[in-house]
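What follows is a single structure, written as structure tokens, with notes after it.
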Amino acid sequence: MVQTSVTPAIVARGLSKSFGHVVALSGVDLRVDPGEVLGVVGDNGAGKTTLMKILSGVHPPTEGQLLINGEEVRFASPRDAQRVGIEMVYQDLALAGNLRIDENIFLGRERTRQLGPVRLVDHRANLALAKQHLDNLNIHVKSVGQLVEQLSGGQRQAVAIARATAFDGRVVIMDEPTAALAVREVRKVLDLIKDLKTHGISVILISHRLDDIFYVCDRVMALFHGRNLAEARLADVDRNEVIGWIMGNKGGHGVPDRPDRTDEAR
Amino acid sequence: MGVTSPLEAASDAPDVERSRLARLTTFIDRFGALGIVLIMGTLSYVAQPDVFLTTNNIANIFRQTAFLALLALGQFIVIVTAGIDLSVGSTLALAMMSTAVLSVAGVPWPLLILTPFLVGAAVGVINGVGLTWLHMPHPFIMTLGMLNIARGLTNLISGGVPISGLPAEVRWLGAGNVSVGGLQVPVSVGVVILSYLAVWVFLQHTRTGRHVYAIGGNPQAARVTGVNVDRTLVLVYALCGLLAGFSGLLLAGRTNSGFPNAGIGAELDAISAVIIGGASFFGGRGTVLGVFAGVLVIGMMRNLLNLSNVQVFWQQILIGVVIIAVVAFDVLRRRIGSAS
Ligand SMILES: Nc1ncnc2c1ncn2[C@@H]1O[C@H](COP(=O)(O)OP(=O)(O)O)[C@@H](O)[C@H]1O
Ligand SMILES: [Mg+2]
């Protein structure tokens with residue numbers, strides 16, 4: 001940890017989560033700085049998705065603490081997390097194919113206008129804002145009025161990312177955003193992530209594909225059996241080491257010691 | 001920014017053709033059911049040229065289908081969420097009978113008119129609450145239970161016999177006419193059209209209405225974007241119940257009575273109208289205009305078969321054939337659409 005002068009965008013301390021008897025996470029720490037892209041790797045069942053669902057307010061943690069811009073927060077719902085700028089792009093994208101692009105981007109947060117006694121959705125404003133936002137992100141679609149089910153996988157991913165950044169999202173969490181994409185669409189999504197970085201947005205990227213991790217990330221951390229295993233700046237590791245982490249070999253890159261942690265992962 | 005490569009459409013060459021097909025699909029989605037209405041109308045006209053197009057006959061069709069129109073409208077909102085409400089026929093009967101019982105007890109007409117709405121909405125709220133808070137596995141179960149409960153209650157409060165005698169104001173709603181530019185238009189038709197307009201505004205132009213479609217399209221997406229899915233579903237079932245109650249009011253007015261067997265099997269007619277009107281049984285798809293067309297198709301079919309003295313059993317068979325044909329056509333069209 002070289003510098004501590006910036007306030008991290010998000011800090012998690014000692015997060016644990018159990019589902020009944022299943023311990024999905026125990027004592028996990030995480031830190032992301034503003035404009036930083038953090039890669040999270042780990043084998044299936046390592047707890048990556050669970051960790052991200054805690055950060056985005058889907059699950060409350062069984063134990064542990066979350067700090068946003070240095071202040072402790074508690075989320076009762078994804079809405080609470082969105083309010084402080086944490087947005088998640090779900091593995092299954094969570095788009096409604098029967099709705100238009102703009103409706104998906106603004107779902108649950110539609111602009112309205114008052115007409116006499118009733119508040120109506122301002123479809124025109126939503127279409128215009130959505131178009132402007134997509135243009136900002138260099139995402140090109142034929143028309144924002146298209147139904148999402150008419151889009152390709154990459155375009156859907158782009159719409160999901162656009163939704164995550166449409167409301168001053170400061171931290172965007174992406175769970176395997178390239179897993180379901182055709183090869184030629186992967187690069188475009190990764191470039192979109194790099195673009196978010198230039199807007200000062202932090203990204204947490206879960207991916208099984210080391211190509212993705214090494215293309216966009218500044219730092220990479222590994223989970224193993226629900227615990228921190230290792231982390232390093234991207235410049236300080238190579239692929240083989242990261243592959244080793246996924247299989248549970250931490251190599252030379254341990255995590256900073258914490259007195260309350262007993263590491264059983266080796 | 002600006003260094004990144006744009007996310008273009010994945011396919012380039014067949015785009016023109018695809019968009020033409022997409023446009024055709026959208027067009028059929030919007031107006032397909034009206035096409036069936038036109039076909040039915042032409043058939044009716046050819047078969048009964050002297051009777052079919054008389055204002056009397058048209059008014060009759062509308063008057064007879066008004067109660068189905070309201071049932072189908074409520075059912076439609078539920079089906080958009082990928083749900084189903086089997087209890088609407090019984091709810092209609094309970095609302096109708098409650099009104100008749102209270103009327104005989106001397107309750108003044110403004111309260112009588114309010115009664116069926118309250119009864120219907122209450123039944124709907126119970127359906128919705130059972131579905132969400134009691135975590136019923138499928139709306140089929142909850143509303144099947146309610147189908148029996150509401151029918152039982154109807155018989156209980158009436159002793160299982162028809163009760164007649166409603167004030168003129170209620171009868172006017174179900175059987176009265178108003179003169180519009182010299183034309184005698186049934187009041188019930190005006191009521192139906194206003195209800196359809198209101199529901200159209202609700203579904204297309206309010207946030208909650210759009211959330212109803214989102215829930216039908218992908219409930220998970222609705223949930224994680226902060227839509228209160230449970231509350232929306234309770235509202236949807238309450239609206240469906242409310243419209244079933246309204247429908248009971250019209251039928252009570254038209255027949256000047258409450259009868260315990262009213263609306264038996266009407267839930268299936270309502271579902272048929274919604275499906276013929278182009279809504280998807282899997283939720284998220286369909287329009288108010290389509291439902292209206294679906295109701296008209298059923299109404300015209302009945303009318304034509306009655307005018308032609310066709311046995312009532314044939315009506316059932318034909319409605320069944322139309323349902324299957326419409327859905328089969330829809331499936332075929334989508335397969336062709338996605339294959340290109
Ligand atoms: N909702 C849940 N209920 C019960 N167990 C769960 C739930 N979600 C995740 N788990 C369990 O928690 C562990 C971690 O899962 P997950 O976070 O999905 O891992 P990953 O995303 O790294 O593959 C797994 O053992 C999984 O079975
Ligand atoms: Mg996962």
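The values are calculated or read from the model by the stated rules, or taken from the named source; none is laboratory data. Since this is a predicted model, take the numbers as computed values, not measurements. Here the Cβ is made from the backbone with ideal geometry for all residues, glycine too, and neighbour counts use every protein chain on show. Each accessible area value is taken on the protein alone, full model and side chains, heavy atoms only, with ligands, DNA and RNA left out. Shrake-Rupley method; radii C 1.70, N 1.55, O 1.52, S 1.80 Å.
Count the DSSP beta bridges whose two residues both fall in the protein assembly as shown, then state the antiparallel fraction as a percent rounded to the nearest 5.
Details: 32 of 50 bridges.
Around 65 percent antiparallel, to the nearest 5.
So what is the accessible area of chain A per residue, in Å², with the probe set to 1.4 Å? Mind dumping the intermediate values first?
Working: 11730 Å² over 266 residues.
Here the per-residue accessible area is 44 Å².
Mind listing the phi-derived Karplus ³J(HN,Hα) values for segment B:44-60, rounded to whole Hz, using 6.51, -1.76 and 1.60 with θ = phi - 60°, and x for any glycine or proline?
4, 5, 5, 6, 10, x, 7, 9, 3, 8, 5, 4, 4, 5, 4, 4, 4
My understanding is that a pair violates if its Cα-Cα distance is over 29 Å; which of A:Lys142/A:Lys194; A:Lys48/A:Lys131; A:Lys48/A:Lys142 do that in this structure? Can you show the working numbers first?
Values: A:Lys142/A:Lys194 23 Å; A:Lys48/A:Lys131 33 Å; A:Lys48/A:Lys142 35 Å.
Where the Cα-Cα span goes over 29 Å, the pairs concerned are A:Lys48/A:Lys131; A:Lys48/A:Lys142.
Given segment A:1-78 reduced to its alpha-carbon atoms as identical point scatterers, what log10 I(q)/I(0) does the Debye formula return at q = 0.16, 0.18, 0.19, 0.23 Å⁻¹?
-0.60, -0.75, -0.83, -1.15
Inside 10 Å of the C-beta atoms of A:128-141, what's the mean count of C-beta atoms belonging to other chains?
Details: counts 0, 0, 0, 0, 0, 0, 1, 0, 2, 4, 7, 4, 5, 4.
Whole-number average of other-chain Cβ neighbours for A:128-141 is 2.
Can you list the HN-Hα couplings for segment B:259-275, worked out from phi with the Karplus curve (6.51, -1.76, 1.60; θ = phi - 60°), rounded to whole Hz and with x for Gly and Pro?
10, x, 9, 4, x, 5, x, 5, 4, 6, 4, 4, 5, 4, 4, 5, 6
Starting from the Kirkwood radius over alpha-carbon pairs of segment B:152-296, derive D by Stokes-Einstein at 10 °C in a medium of 1.306 mPa s and give it in µm² s⁻¹. Don't skip to the end; give the middle numbers.
Working: Rh = 17.4 Å.
Here the translational diffusion coefficient equals 91 µm²/s.
Tell me, what HN-Hα J-couplings in whole Hz come from the Karplus equation 6.51 cos²θ - 1.76 cosθ + 1.60 at θ = phi - 60° for each residue of segment A:33-44, using x for Gly and Pro?
The phi angles translate into 8, x, x, 9, 10, 9, x, 10, 10, x, 5, 4 Hz.
Please compute the length gained on full extension between A:Asn44 and A:Val23, using 0.36 nm multiplied by the number of residues separating them and subtracting their Cα-Cα distance.
Values: separation 21, 0.36 × 21 = 7.56 nm, distance 1.43 nm.
Full extension from A:Asn44 to A:Val23 adds 6.1 nm.
Counting partner chain Cβ atoms within 10 Å of every residue's Cβ in B:211-220, what's the average? Display every interim value, and only then the final one.
Details: counts 5, 0, 4, 8, 1, 3, 11, 11, 2, 6.
Mean partner shielding for this stretch: 5.
Would you mind checking which residues have amide H under 5 Å from A:Ala230's amide H? H placed 1.01 Å from N; only 5 or more apart, or other chain.
The answer is A:Ala222.
Gaussian network model of chain A, Cα springs within a sub-10 Å range: biggest mean-square fluctuation belongs to which of A:Ala182, A:Ala160, A:Ala130?
It is A:Ala182.
Calculate the FRET efficiency for B:Leu289 and A:Asn69 from the Cβ-Cβ distance with a Förster distance of 41 Å, rounded to the nearest 0.05. Walk me through the numbers on the way to the answer.
Numbers: r = 50 Å, r/R0 = 1.22.
My answer for the efficiency is 0.25.
Distances over 31 Å make up what percent of all Cα-Cα pairs in the protein assembly as shown?
For the protein assembly as shown, the share of Cα pairs beyond 31 Å comes to 58 percent.
Contact order normalised by length for segment B:32-339, with contacts defined as Cα pairs under 8 Å and 6 or more residues apart; what percent is it? Let's see the in-between values first.
On the way: 546 pairs, mean separation 105.1, N = 308.
About 34 percent, as a whole number.
Treating only the Cβ atoms of Lys and Arg (+1) and Asp and Glu (-1) as charged, compute the dipole magnitude of the protein assembly as shown about its Cα centre; round to the nearest 20 debye.
Details: 50 positive and 45 negative charges, 212 e Å.
About 1020 debye.
Given segment A:58-119 reduced to its alpha-carbon atoms as identical point scatterers, what log10 I(q)/I(0) does the Debye formula return at q = 0.13, 0.19, 0.27, 0.28 Å⁻¹?
The computed values of log10 I(q)/I(0) come out as -0.55, -0.89, -1.21, -1.25.
Would you grab the residues whose amide H sits under 5 Å from the one on A:Ala24? Only those 5+ places off in sequence or on another chain, please, with H modelled 1.01 Å from N.
Under 5 Å from the amide H of A:Ala24 lie the amide H atoms of A:Lys17, A:Ser18, A:Phe19, each far enough along the sequence or on another chain.
Work out Dmax and Rg for segment B:181-267 from the C-alpha atoms and quote the Rg first, both in angstrom.
In Å, with Rg to one decimal and Dmax whole: 17.0, 54.
With only alpha-carbon pairs counted, each pair once and no self-pairs, how large is the Kirkwood hydrodynamic radius of chain A in angstroms?
In chain A this quantity evaluates to 19.3 Å.
Report the gain in length on full extension from B:Ser308 to B:Arg20: 0.36 nm times residue separation, minus Cα-Cα distance, nm rounded to one decimal.
Working: separation 288, 0.36 × 288 = 103.68 nm, distance 4.14 nm.
The B:Ser308-B:Arg20 span can extend by a further 99.5 nm.
So if I place +1 on the C-beta of Lys and Arg and -1 on the C-beta of Asp and Glu, and nothing else carries charge, what would the dipole magnitude of segment B:184-282 be about its Cα centre? I want it in debye, nearest 20.
Computed charge dipole of segment B:184-282: roughly 280 debye.
Please give the Cα centre distance for segment B:264-340 versus segment B:235-252, rounded to the nearest Å.
Spelled out, the Cα-based centre of one part sits 21 Å from the other.
For a Förster distance of 22 Å, can you work out the FRET efficiency between the beta-carbons of B:Trp109 and B:Leu156, rounded to the nearest 0.05?
Working: r = 24 Å, r/R0 = 1.11.
Computed FRET efficiency for B:Trp109 and B:Leu156: 0.35.
Which lysines, on any chain, are close to A:Lys53 with Cα under 19 Å apart, when same-chain ones fewer than 8 places away are left out?
Straight-distance partners of A:Lys53: A:Lys17.
Report, by chain and number, residues whose modeled amide H sits under 5 Å from the one on A:Ile173, excluding near sequence neighbours (fewer than 5 apart, same chain).
For A:Ile173, whose amide H was placed from the backbone, the distant partners under 5 Å are A:Glu87, A:Met88, A:Val89, A:Ile204.
Give me D for chain B in µm² s⁻¹, whole number, from Stokes-Einstein with Rh from the Kirkwood sum over alpha-carbon pairs, 10 °C and 1.306 mPa s. Spell out each step's value before the answer.
Values: Rh = 21.2 Å.
Result for D is 75 µm²/s.
GNM on chain B, C-alpha springs below 10 Å: top fluctuator among B:Leu304, B:Leu156, B:Leu92?
Of the options given, B:Leu156 has the highest mean-square fluctuation.
Place +1 on the Cβ of every Lys and Arg and -1 on the Cβ of every Asp and Glu in the protein assembly as shown, take the dipole about the Cα centre, and give the residue among A:Pro34, B:Gly294, B:Gln48 whose Cα lies farthest towards its positive end.
B:Gln48
Once every DSSP H run of n ≥ 4 in chain A is given -39500 (n - 2.57) and the sum is divided by its residues, what mean residue ellipticity at 222 nm do you get, rounded to the nearest 500 deg cm²/dmol? Write out the running numbers ahead of the final one.
On the way: 8 runs with 77 residues, N = 266.
Taken over chain A, the calculation gives -8500 deg cm²/dmol.
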